[in-house]
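Below is one structure, written out as structure tokens; the observations come after it.
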């Protein structure tokens, strides 16, 4: 089923006269107007001049924050209404590859965590962070419910997906566990290795494996680094720096379309998941992906401070992430360097207070 695409009968002049005063909300996040009608002629021309924009997802069309709303924005016609020519490309889950493609200009935008932006730049891969939904982070550690203290993991086996998440390592250290005594093994993507006792603990993502295990009737304890004052990020977005410098309105309006769709998807989650399913084709698990979206949306909303525009870059979190990376990955990122790798101006330009401006000015 295609998402309904309503063609507005409101004249462009009326749209422009109300643009500065209008803010997006759950109530007015309706399907978009016809192509170009949510934008002035001059702004439309500037956005068209930006040319083809390629959005590379984080992992396929999974209904995660920073993926689902952009899939929905495409289907709803929000990019068209802002005169943006966006090509949608599924990612493989390899964030290092995403940053390389961003830096090379082969893709324009991609969901890349704030810590990955910092790591990429520290290794000479130049990308710019432009938004982030939450400091909570997706990566978690799971154990059976009999583990009540992370120090109980000393000397046990931990399953990870090929690389130890830095935030999880920092959490274990913060909790007083003897990290060096924990044996790490690489496991696949079947979380039942934990409930079958093949590993004592297992890394994963807050919206994925815990929900799978709960659905299978084997709930687990989820340990979040955020609860141990370990910084993270969820729903972050990065852009190619050269593109951003040359096309500021296109960057603003790309974010605007995604954030407008985010509000729509909060009230119309099943419809947005179908948009992602349409991009994927056969085999897409709509039920599981609906749970992914609802879990991440709740994390975002629970952690968003009142009066803060969704997507705001928290510079204190950025510098805390840099310090964590310096400690656990031997980088040498100064606070000034860390904050310089993020540009909050694109996001601030599309808000009036904490209300998203839609249509565009």
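Label-point separation (nm) for residue 282 and residue 146, each offset 7 Å from Cα along Cα-to-Cβ?
Taking the simple label geometry, residue 282 and residue 146 are separated by 4.4 nm.
Can you compute the FRET efficiency between residue 42 and residue 189 using 1/(1 + (r/R0)^6), with r the Cβ-Cβ distance and R0 = 56 Å? Round to the nearest 0.05.
Approximately 0.70, to the nearest 0.05.
How would you rank 185-191, 51-57, 218-224, highest first, on the average number of other Cβ atoms within 10 Å across their residues?
So the order, starting with the most tightly packed, is 51-57, 218-224, 185-191.
What distance in nm lies between label points placed 7 Å from Cα along the C-beta direction at residue 123 and residue 340?
Result for the modelled spin labels: 2.1 nm.
How much length would be gained if the chain were fully extended between residue 214 and residue 178, taking 0.36 nm per residue of separation minus their Cα-Cα distance, in nm to one decimal?
10.1 nm
In nanometres, what is the gap between the two model label sites at residue 85 and residue 316, each 7 Å from Cα along Cα-to-Cβ?
4.4
In percent, what relative contact order does segment 139-228 have, based on Cα pairs under 8 Å that are 6 or more apart in sequence?
Relative contact order comes out at 46 percent.
Could you put 295, 315, 99 in order, starting from the residue whose Cβ has the fewest other Cβ atoms within 10 Å?
315, 295, 99
Please list the equivalent ellipsoid semi-axes of segment 130-192, computed as the square roots of five times the alpha-carbon gyration tensor eigenvalues, in descending order and whole angstrom.
Semi-axis lengths for segment 130-192 are 21, 15, 12 Å.
In which sequence would 332, 267, 119, 64 go, from the one with the fewest C-beta neighbours within 10 Å to the one with the most?
Lowest to highest Cβ neighbour count: 332, 267, 119, 64.
Provide the percentage of antiparallel DSSP beta bridges, counting only those with both residues in the chain; round to the nearest 5.
About 60 percent, rounded to the nearest 5.
Restricting to DSSP H runs of at least four residues, report the calculated mean residue ellipticity at 222 nm for the chain, -39500 (n - 2.57) per run over all residues, nearest 500 deg cm²/dmol.
Helices in the chain give a 222 nm mean residue ellipticity of -12000 deg cm²/dmol.
Out of all Cα-Cα pairs in segment 139-228, roughly what percent, to the nearest whole number, are more than 19 Å apart?
29
Quick one: the Cα spread of the chain along its three principal axes, in angstroms, biggest first?
68, 45, 36
Rounded to the nearest whole Å³, what is the per residue volume of the convex hull around the Cα atoms of segment 293-338?
102
What fraction of the Cα pairs in segment 166-320, stated in percent, has a spacing above 22 angstrom?
Tail of the P(r) past 22 Å holds 58 percent of the pairs.
For the chain, calculate the relative contact order in percent as a whole number, restricting contacts to Cα pairs under 8 Å that are 6 or more residues apart.
Averaging sequence separation for qualifying contacts and normalising by length gives 28 percent for the chain.
Every read-out reported here was derived from the displayed coordinates using simple, explicitly stated rules and does not represent laboratory data. These numbers were taken from a predicted model, which means no experiment stands behind them. Cβ: placed from backbone, ideal geometry, glycine included. Neighbour counts: every protein chain shown.
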